[in-house]
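A.B. asks: Below are the structure tokens for one structure; questions will follow.
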Amino acid sequence: MKALVVFAQIPRSTYYDIVKKMNRPDLDADLKAEIQTIYDEHEGRYGYRRIRDELANRGQKVNHKKVQRIMKELRLKCLVRMKK
């Protein structure tokens with residue numbers, strides 16, 4: 001442990017904080033699955049605002065910033081449809 005802290009050049013408290021976070025279960029796992037489902041249903045055309053609205057229609061009230069952050073983690077990006 002001490003060698004890792006010295007090698008990474010981080011404080012000891014930071015090391016223990018990272019280890020503690022690694023062992024925690026993901027609290028947003030259900031929300032991530034729901035966002036992925038909505039994104040796939042609409043073939044990637046929905047951005048974070050429309051996904052947030054769809055979640056509200058399904059009974060989950062979530063802040064748009066949280067939806068945006070989760071979409072970034074999942075690497076989901078809105079595809080802009082060509083208008084003719």
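A.B. asks: Between T14 and K84, what is the label-to-label distance in nm when each label sits 7 Å out along the Cα-to-Cβ direction?
C.D. replies: 5.5 nm
A.B. asks: Restricting to lysines 8 or more places apart or on different chains, can you count the pairs in the chain with Cα atoms under 23 Å from each other?
C.D. replies: Close lysine pairs under the 23 Å cut-off: 17.
A.B. asks: Give the label of the value calculated from the structure for Rg/Rh (Cα atoms, Kirkwood Rh), choosing from (1) 1.20; (2) 0.96; (3) 1.06.
C.D. replies: After the calculation, the listed value that fits is (1).
A.B. asks: Given a cut-off of under 8 Å on Cα pairs at least six residues apart, what relative contact order in percent is computed for segment 2-73?
C.D. replies: Reported relative contact order: 21 percent.
A.B. asks: Can you compute the modelled spin-label distance between A56 and A3, with each label point 7 Å from Cα toward Cβ, in nm?
C.D. replies: With each label placed 7 Å out from Cα toward Cβ, I get 5.5 nm.
A.B. asks: Provide the net charge surrounding I51, with neighbours chosen by a C-beta distance below 15 Å and charges set as Lys +1, Arg +1, Asp -1, Glu -1.
C.D. replies: Charge balance near I51 sits at +4.
A.B. asks: Could you give the dipole magnitude of the chain about its Cα centre, charging the beta-carbon of Lys and Arg +1 and that of Asp and Glu -1, in debye to the nearest 20?
C.D. replies: Computed charge dipole of the chain: roughly 440 debye.
Throughout, read-outs are computed from the coordinates displayed, never taken from laboratory work. Here the structure is a predicted model, which means the values were calculated and not measured. A quick note on method: Cβ atoms are made from the backbone with ideal geometry, for glycine too, and the neighbour counts reach across all protein chains shown.
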